[in-house]
Each structure stands twice: as C-alpha cells, then as structure tokens.
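Working notes, structure below.
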Amino acid sequence: MVEIKGLEKFAPKDFPGFIASTVFLGGCPFRCPFCHNSDLVLRPDNLTTIPMDFFLGFIDSREGWLEGVCVSGGEPLIHEDLDIFLSVLKQRNLRVKIDTNGSNPRHLKALIEKGLVDTVAMDVKAPLDKYSEAAGVDVETRAIQETIRLLKEAGVDYFFRTTVVPGLVEKKDIAQIGKMLQGSPSYQIQQFSPDNTLVPEYRTRIPYTGEQLKAMKEIAEPYFREVRIEGV
C-alpha cells in the first residue's frame, strides 16, 4: 500500500465544505521551481513513513466527526496501488479528495470510474505555452488538456487552482488560463510563498500584493461561476 509521508490531522482549508484530514504521499514527476514541498518531491525516501496502523487508528478514533480525507503530495497519482488505499477510506464512509497536477489522466479516470474519488483539485501551472517552464520539466500538455476534459465530464466535484508566481504567471496569463478552463465551476488563485522553494532563487521573489491578486481575480471572473483567492 502507499506510504504516507505526512499527516495533517485537521485541515480545514484543504477539503472545502468538509471536516477533513490531509495525507501527503511522496514523489512527483514535476520539478516546479516554486514548490515548497521539496523533500516530498526530491527525497521522499528520507522522510519517515507514518505506519498505516497508526493512520487507520487515527481515522477510526474520529468516526462520526471526520468527514473526508484529502490525498495530496507530491503527486498521488504516480502510485499505482493508490486504489487500495482509497478503498480503505471509502469502506469507512469517508469522502476522498485528490490533489493532482493533471499529468496522469488515465489513472485518475480509473479511480473515478471505481467510485473512489469524490472531489479533485487540479493545479494548473500556467498557460500551455509556459507549462514546461512552470513545471520545471518537459510536460506533455496533451495529458494536461485530457485531465481538464475528464474533470468537466466525469460527474465529480472539482476545481482548478493556480499558484501565481511572479515571473512565471502574470496578469495576462490568467486570461489564457481562464479561456482554457472556461465553463468550470470554481477557480482558486493561490498566493505564492517563497519559503523553502525547490529552486533557491525563488526564495527571494516577492509575492504579489493583495491588490494585484484582486486584479487577477477580476480577470478570471468572467470564465468561472466562482473565483477565490487563497493564501493571503
């Protein structure tokens, strides 16, 4: 079964609308320079694995209170046996949210078809022509587009989000992203944090101001039913 590398026992913002915990799984095919989970991405084997018995004991002790579990990373969908873990959660009548970078639509589709996923949050890094720069690796953007289409058609709850990193994502990029995601119910603009970024240079970048984030929100609003700002 998957190895849990981190646990946030109470994560009020990670699973909107539900009392939830978040688990973090190691490994990711991307190398986003602004990522602040660099140990999870680059050195997951160096992190302590939380025993599954401990985790299951924790969620069982919250029966009747805990409503869901957010499965984050890293990138959860690189784990081929993720379905076993999600099945254990569903057997306990918990809702499941997956955080994904959208690089593995095949695996996500299989999990949705098995009824193992209730909500998906997909990180949309940038407009397609800047995707590889934002992800830090060469990205197959057809997979990104396929995941976007899947979420629009799959019948599960979902939302998209973009971390707005100065120098990578600018105001003009928000409109391009909005056109790509148009018709989706919800979009989240996330403030960039320079703490412990994967690429040290990004630790000196100054995040956008609140006013700049509001301006981005206004640009995005015509494309979505709801746009919100997180991280400020």
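Laboratory data are not the source of any read-out in this text; all were calculated from the coordinates shown. Keep in mind it's a predicted model, so treat the numbers as computed, not measured. Neighbour counts run over all protein chains shown; Cβ positions are idealised from the backbone, glycine included.
Brief remarks follow.
- Electrostatic dipole magnitude of the chain [Cβ: Lys, Arg +1; Asp, Glu -1; Cα centre; debye, to 20]: 480
- Each residue of segment 76-82 was assigned a 3J(HN,Hα) from its phi angle through the Karplus curve 6.51 cos²θ - 1.76 cosθ + 1.60 (θ = phi - 60°); the sequence is x, 6, 7, 8, 5, 9, 4 Hz, with glycine and proline shown as x.
- Alpha carbon centroid spacing (whole Å) that separates segment 124-142 from segment 214-228: 22
- The modelled label-to-label distance for the pair ILE84/LYS217, using points 7 Å beyond Cα in the direction of Cβ, is 4.4 nm.
- Of all aspartates and glutamates in the structure, the ones whose alpha carbon falls short of 12 Å from that of LYS179, not counting any fewer than 8 places away in one chain, are GLU221.
- Label-point separation in nm, ARG203 to ILE50, each point 7 Å along Cα→Cβ: 2.6
- Each peptide in 8-20, 109-121 was scored by the mean count of other Cβ atoms within 10 Å over its residues; highest first, the order is 109-121, 8-20.
- Within the listed set VAL169, VAL41, VAL88, the Gaussian network model of the chain (springs between alpha-carbon atoms below 10 Å) gives the highest mean-square fluctuation for VAL88.
- The convex hull drawn around the Cα atoms of segment 161-219, when projected onto a plane and averaged over every direction, covers 4.2 nm².
- Distance between the 7 Å Cα→Cβ label points at TRP65 and ARG225: 3.3 nm.
- For the residue pairs LYS5/LYS130; LYS13/LYS114; LYS172/LYS214, the alpha carbons lie more than 20 Å apart in LYS5/LYS130; LYS13/LYS114.
- Peptides 179-185, 33-39, 57-63 ranked from most to least packed, by the mean per-residue count of other Cβ atoms within 10 Å: 33-39, 179-185, 57-63.
- For segment 173-208 and segment 20-69, distance of Cα centres in Å: 22
- Equivalent ellipsoid of the chain: semi-axes from √(5λ) of the C-alpha gyration tensor, largest first, are 28, 20, 17 Å.
- Within segment 118-143: backbone nitrogen closer than 15 Å to the SER38 label point (7 Å, Cα to C-beta): 136
- Sorted by Cβ neighbour density within 10 Å, fewest at the top, the residues VAL69, VAL227: VAL227, VAL69
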